[in-house]
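Asks: Have a look at the structure that comes next, please.
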There are 2 protein chains.
Amino acid sequence: MSEIVFQPVGRRVTAAPGETLLEAAQSAGVAISAVCGGIGVCGDCRVRVLRGTVSAPNAIEQDQLTDSDQAAGLRLACQTVIKGAGEIVVDVPRESLSAPQRSQVEGAEIPLAVEPAIQVHDLSAAPPSIHDLRGDWERVQGIDPAAWRLDAPVLAELPGVLRAHGWQTRLIAHGADVVRFLPPGMTPFGFAVDVGTTGLAAYLVDLLTGQTRGIAGATNPQIAYGEDVMARLTLAVRDPAGAARLQAVMVEVLNGLLREVCTQAGVPTDRVVDLVAVGNTAMHHLLLGLPVEQLGSAPYVPAIASPLVIPARPLGLEAAPGARLYLPPNVAGFVGADHVAMLLATATADQPGVTLSLDIGTNTEVTLNAHGQLWCCSTASGPAFEGAHIRDGMRAAAGAIERLIWQDGGLRWLTIEHAPPVGLCGSGILDAVAVLRAAGILSDTGAMRRDDPRVRREDYNPRYEIVPAAQTGHGREVALSRGDVNEVQLAKAAIRAGIKLLVERAGLSEAEIDRVIVAGAFGNYIDLQSAITIGMFPPLPLERFHQVGNAAGIGAKRLLINAPERARAAVLVARLRYIELTNHPDFSDRFSQAVRLTPDPWDA
Amino acid sequence: MSEIVFQPVGRRVTAAPGETLLEAAQSAGVAISAVCGGIGVCGDCRVRVLRGTVSAPNAIEQDQLTDSDQAAGLRLACQTVIKGAGEIVVDVPRESLSAPQRSQVEGAEIPLAVEPAIQVHDLSAAPPSIHDLRGDWERVQGIDPAAWRLDAPVLAELPGVLRAHGWQTRLIAHGADVVRFLPPGMTPFGFAVDVGTTGLAAYLVDLLTGQTRGIAGATNPQIAYGEDVMARLTLAVRDPAGAARLQAVMVEVLNGLLREVCTQAGVPTDRVVDLVAVGNTAMHHLLLGLPVEQLGSAPYVPAIASPLVIPARPLGLEAAPGARLYLPPNVAGFVGADHVAMLLATATADQPGVTLSLDIGTNTEVTLNAHGQLWCCSTASGPAFEGAHIRDGMRAAAGAIERLIWQDGGLRWLTIEHAPPVGLCGSGILDAVAVLRAAGILSDTGAMRRDDPRVRREDYNPRYEIVPAAQTGHGREVALSRGDVNEVQLAKAAIRAGIKLLVERAGLSEAEIDRVIVAGAFGNYIDLQSAITIGMFPPLPLERFHQVGNAAGIGAKRLLINAPERARAAVLVARLRYIELTNHPDFSDRFSQAVRLTPDPWDA
């Protein structure tokens, strides 16, 4: 066995010869970026072996790494195999880490009555005596002991609470299930979480007042096992232990968030008596340990679409002994409960006229409310806007260029935390394409001008230098390549084609859309004009667009505070007409048209 | 750390200096007998240290061990402390082991309709296609997916079962809860267990036919932590880790039995979809991890008396993912669900005339059906008939004298498995007292004749030599001491006083009892005439007595096979009028009278 030390984080782990450095990093909880899931095609997992015996660079590495990378001692962690038994010291450069992204936990809220799924009953009991030998549960007054369902860990709290609090207790119930025996007068709390593919947003709510008492965000730790949903589904199908690990790290991060928001409110986590989790269908299945083989291959069906209410503790969540976890209904394999929550939070289904709601991610969910008819689809927009498959792409962490403008004949850029630039995050990538297109450096087919001095043509993949090497945080230039532009074209074409097909299905034109609701972290930060310039969004007046932030998280909170909202979720899902794009007769035509970098690609 | 090896079983365990050999044995799962719970007063835990460094014998050991014991190198495991770091080899003599007792798994059965608590639904599903993208659960035909409760581990089996079995499944339900998705045509099984203070009896039942498909018995592993209920309750109250360990060893032995009966039937344990456990109130609470402080101190009330139906998997039981465990109602702190099960199995409540039902143990439960009126009590008969607090007492293992008669002016004895005698088990102790009383060697006050050559008077505690040292299995004599006789007098007086008080409460005389039902392992093996001779049972004609074996286990099986029996259990408990003896005005009078060794102690 070797001991592997990952620097600069200083994490240590024991690993067997034959394991790769990426596997060792995953065991150690070091979140090395691995978009491709460790098969050697993304080139993200660059590390430097400072000391110790590892395999020599293989053909995949020689292909993926430039000569200067190789000269600098860089290796691909997924291809580098541990040899022998000594200590191995590995340096993980900042840009190879799946850095904690900027979390999106707040968003626009619509007021709601406090009407939670749990009920509160304040009860007292007759103390036992030699003349009253009933059980503690039977001595609680005003209830029929046979009418309730009680599990042992819930019941275990009753004798102590009654004796410590003058034979009084506050019974928290979920229907006929007893959830917890609280001391009298104590406030029950609820926990809502939006489980995104890359990030999580969590809320602690006082279930008596509906007030938010804690907010926290975290990176989805499954990123270390594959950045996109498909890589994780593939791992889970290929390896049952991998599926178990994906579930375990998810439960662990949820418990971390639970502790964090409870610490903010100054209460223990077992005061949480009700939980809501929303996520896409894959996150839903991986959290619950459901099989995903049928979800990851055509025709991509979920194990369940119906809503679930399950005990939280057996799943490993550190909530109250009888706490229930509610998972809203899924719509389809690629339209999950997070989209349902987003639609509820934005009241999309209740809007008059024509409303388009978008949740942009690796898959983009699109719902169109056309005068009360609800159409929805999912479109494979890919991870380009999360920085994957982009030469200098990265997520929205410090040093990411998030905004670009053309000023005085040249590019000006703004980075997150004003750190020296390291790469481009989603909104920066979008701006870069839009600005270069507007400046005429890119054509509407995405071709790069040959005569611009900042266009480099050293290889088959020309690139536009955005930041010279001398000005960056890592000494390498930050550029946008022709390949990157192509990735953006594919991504935005998928989104625009989805919008177009829903609008056509409803018998409308894009110009008739009264409002566009753009949800999610990426959607919240993008420049709308850039999105219109490249043709990702229809060319509508900017005031029709509403960037609503983490509407899925807000929706989760609403489902926690207001039980009738759960019934509305079921009604909403029944109203949604899902359009499958993969076999839609017009999709490929619309998609090819939408690839053009122009606000109105249909005008060809 | 030291490594401790227990011989002849060959079990190894690592232990820290400062731990006692008894603690190490308990960690190793070596069931050294420790009636007193390890405080050095019972002298049961004799071991021999063959190698290694331990503490020198202390004052308690010098007091408890005879000179010859000490000369033979015997130590008390509870007093012997581990020193240093080397290997320690410990010999555990056979008589120091809590040996697996002779199990009682069969008994008289009353026929019953097969009407289990679970329901079987054979269902088929429409395969998915690009035109049918519903979830797997929603594609199952003939059910309303929203009408059921589904937990994640249950649902996780559905996609695989449907795809492997032509889109068919057998849904096993418990009310609205889905318990398991079985492949089509597969038989669901049930598991019933009687959890006794000293032994467990388990049954596997085919829930379609009601046939018993496996039977197994085991020693209650909690014995290693204290032989009687009070010692275990004290441990659980004093030390939360101790309570957790008592629960863990119980779950472990239940899983062992589950595996054993399933192996007999050739099925995996996850085919078990319904479970029933009966036990006294203390076993019930310790299994469920309920607090026992209020159960172990006056006025001795349970946390719950009502029946419970709880998920089995979160408790640690290796049954089907959604399997439910049913625990019948308890009557009071010292009358548990095992007595309820026994009353159901023997149809005590349905008998005409006057029926007395007894379950003899450390606590003896007594129920009197007096022309349809049901009275019941629990009486503290103590562990004498389990061999505890008896000079040469032991449980019913090989070498135990189980039967004694007086023949040709002397004692004749019979041992279990015809092994060389080692001690006296319960029925042997009872016979010994009865035979010596009948032979005039004991008076009705329990005094021993001074002039019998086999009465030894070397110390304050005279004894009657039953087997001379030369004929025993361990080279020490087996004898019955005056102290032993006293223990038997106290035990039988408690039982007889309980019977008498119930009969008086019903306004009857003992002679009016039409039938006496004697349940349990001890009750099954005793000589009824001996019990009458010493005045434990009323002097009724022998044909009125019915020794029914493990009626509690049979009752558990009935509650598994027939759900209406569960409703009958609730009705029965509501009909039972519990008489608390500890504060009964006549108890101490009746008890003092009943101490006399005579068939009719009231005749004084």
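Asks: Considering only strands (runs of 3 or more DSSP E) fully contained in the range A:271-387, which possess at least 3 residues that are away from chain B (no Cβ under 11 Å) and crowded, with 24+ Cβ neighbours inside 10 Å?
Replies: On the way: elements: A:272-279, A:308-311, A:324-327, A:354-359, A:364-370, A:373-379.
Here the list reads A:272-279, A:354-359, A:364-370, A:373-379.
Asks: Working only within the range B:561-587, note down all residues that are of a type in the set (S, T, N, Q) and either within 14 Å of chain A (Cβ to nearest Cβ) or surrounded by fewer than 19 Cβ atoms within 10 Å (Cβ to Cβ) (or both). Write out each step before concluding.
Replies: Going through the range B:561-587, the residues of a type in the set (S, T, N, Q) turn out to be B:562, B:582-583.
Within the range B:561-587, B:Thr582, B:Asn583 meet the criteria.
Asks: Turning to a different aspect of this structure: Only residues that are under 17 Å from the mean Cα position of the chain (by Cα) and surrounded by 21 or more Cβ atoms within 10 Å (Cβ to Cβ): list them for the range A:232-257, please.
Replies: If the condition is that a residue be under 17 Å from the mean Cα position of the chain (by Cα) and surrounded by 21 or more Cβ atoms within 10 Å (Cβ to Cβ), then A:Arg232, A:Leu233, A:Leu246, A:Gln247, A:Met250, A:Leu254, A:Leu257 are the ones that fit.
Asks: Now a separate question. Under 8 Å by Cβ, and 6 or more places apart or on different chains, what pairs join a residue from the range A:114-137 that is more than 10 Å from chain B (Cβ to nearest Cβ) with one that is among the acidic types (Asp, Glu)?
Replies: Partner pairs satisfying both residue conditions: A:Pro116/A:Asp274; A:Ala117/A:Asp274; A:Ile118/A:Asp274; A:Ala125/A:Asp136; A:Ala126/A:Asp132.
Asks: Among the residues of the range B:382-406, write down those that are of a type in the set (D, E, K, R) and farther than 16 Å from B:Gly483 by Cα.
Replies: B:Arg395, B:Glu402, B:Arg403
Asks: Filter the range A:179-215 down to the residues that are closer than 27 Å to A:Trp137 by Cα and assigned to a loop (DSSP other than H, G, I, E, B) and list them by number.
Replies: Answer for the range A:179-215, where residues must be closer than 27 Å to A:Trp137 by Cα and assigned to a loop (DSSP other than H, G, I, E, B): A:Pro183, A:Pro184, A:Gly185, A:Met186, A:Thr187, A:Pro188, A:Leu207, A:Leu208.
Asks: Does the range A:234-258 hold any residues that are within 16 Å of A:Leu290 (Cβ to Cβ) and among the aliphatic types (A, V, I, L, M), and which are they?
Replies: A:Leu235, A:Ala236, A:Val237, A:Ala243, A:Ala244, A:Leu246, A:Ala248, A:Met250, A:Val251
Asks: Another question, if that's okay. Quick one: which residue in B:Gly135, B:Gly142, B:Gly166 is over 29 Å from B:His284 (Cα atoms), in a loop (DSSP other than H, G, I, E, B) and modelled with pLDDT under 95?
Replies: B:Gly142
Asks: Look through B:Ala176, B:Ala164 and report the one residue that is within 14 Å of chain A (Cβ to nearest Cβ), surrounded by fewer than 23 Cβ atoms within 10 Å (Cβ to Cβ), of a type in the set (A, V, I, L, M, F, W, C) and in contact with a Pro (Cβ under 8 Å, 6 or more places away or on another chain). Give the steps one after another, and end with the answer.
Replies: Working: B:Ala176 fails: in contact with a Pro (Cβ under 8 Å, 6 or more places away or on another chain).
Residue meeting the stated conditions: B:Ala164.
Asks: In addition: Which residues, counting only those in the range A:151-209, are within 36 Å of the chain's Cα centre (by Cα), of a type in the set (Phe, Trp, Tyr) and over 20 Å from A:Val261 (Cα atoms)? Full working, then the answer.
Replies: Going through the range A:151-209, the residues within 36 Å of the chain's Cα centre (by Cα) turn out to be A:151-154, A:171-182, A:186-209.
In the following step, the residues that additionally are of a type in the set (Phe, Trp, Tyr) were identified as A:181, A:189, A:191, A:203.
Matches in the range A:151-209: A:Phe181 only.
Asks: Just checking, which of A:Thr212, A:Thr169, A:Thr187 is farther than 30 Å from A:Ser33 by Cα, within 14 Å of another protein chain (Cβ to nearest Cβ) and of a type in the set (S, T, N, Q)?
Replies: A:Thr169 is the lone residue from the list that is farther than 30 Å from A:Ser33 by Cα, within 14 Å of another protein chain (Cβ to nearest Cβ) and of a type in the set (S, T, N, Q).
Asks: When you check B:Arg515 against the structure, is it surrounded by fewer than 24 Cβ atoms within 10 Å (Cβ to Cβ), modelled with pLDDT under 95 and either within 23 Å of B:Leu404 (Cα to Cα) or not assigned by TED's automatic domain parsing to the domain that holds B:Arg449 (or both), yes or no?
Replies: The answer is no for B:Arg515.
Asks: Pairs needed: first member in the range A:478-507, touching a residue at least 40 places away in the same chain (Cβ under 8 Å); second member anywhere, in a helix (DSSP H, G or I) and among the β-branched types (Val, Ile, Thr); C-beta distance under 6 Å; at least 6 residues apart or different chains.
Replies: These pairs meet every condition: A:Val485/A:Val433; A:Val488/A:Val433.
Asks: Tell me whether the range A:42-49 contains one or more residues that are surrounded by fewer than 20 Cβ atoms within 10 Å (Cβ to Cβ), under 24 Å from A:Ala241 (Cβ atoms) and either at pLDDT below 75 or not aliphatic (A, V, I, L, M) (or both).
Replies: no
Asks: Quick check, is A:Ile441 without any contact (Cβ under 8 Å) to a residue 24 or more places away in the chain and either surrounded by 22 or more Cβ atoms within 10 Å (Cβ to Cβ) or closer than 18 Å to A:Lys492 by Cβ (or both)?
Replies: Against the criterion (without any contact (Cβ under 8 Å) to a residue 24 or more places away in the chain and either surrounded by 22 or more Cβ atoms within 10 Å (Cβ to Cβ) or closer than 18 Å to A:Lys492 by Cβ (or both)), A:Ile441 qualifies.
Asks: If you go through the range A:456-480, how many residues are out of contact with any Leu (no Cβ under 8 Å at 6 or more places or on another chain), assigned to a strand (DSSP E or B) and either surrounded by fewer than 19 Cβ atoms within 10 Å (Cβ to Cβ) or of a type in the set (Phe, Trp, Tyr) (or both)?
Replies: Result for the range A:456-480: 2.
Asks: What is the one condition in (1) under 25 Å from A:Ile223 (Cα atoms); (2) surrounded by 24 or more Cβ atoms within 10 Å (Cβ to Cβ); (3) touching a Cys at 6+ places or on another chain (Cβ under 9 Å) that A:Glu402 does not satisfy?
Replies: (2)
Asks: Could you check the range A:409-454 and list, in sequence order, the residues that are within 14 Å of A:Asp527 (Cα to Cα) and acidic (Asp, Glu)?
Replies: Of everything in the range A:409-454, just one residue is within 14 Å of A:Asp527 (Cα to Cα) and acidic (Asp, Glu), namely A:Asp431.
Asks: Select, from A:Arg596, A:Arg590, A:Arg558, the only residue that is away from chain B (no Cβ under 14 Å), charged (D, E, K, R) and not in a helix (DSSP H, G or I). Spell out the reasoning first.
Replies: On the way: A:Arg590 fails: not in a helix (DSSP H, G or I); A:Arg558 fails: not in a helix (DSSP H, G or I).
Answer to the check: A:Arg596.
Asks: Another question, if that's okay. For the range A:138-161, which residues satisfy the criterion of being more than 7 Å from every other protein chain (Cβ to nearest Cβ) and touching a strand residue (DSSP E or B) at 6+ places or on another chain (Cβ under 8 Å)?
Replies: A:Arg139, A:Val140, A:Gln141, A:Gly142, A:Ile143, A:Trp148, A:Arg149, A:Val154, A:Glu157, A:Val161
The values are calculated or read from the model by the stated rules, or taken from the named source; none is laboratory data. All figures in this text were calculated on a predicted structure; none of them were measured in a lab. Positions of Cβ are generated from backbone atoms using ideal geometry, with glycine treated the same way; all protein chains shown enter the neighbour counts.
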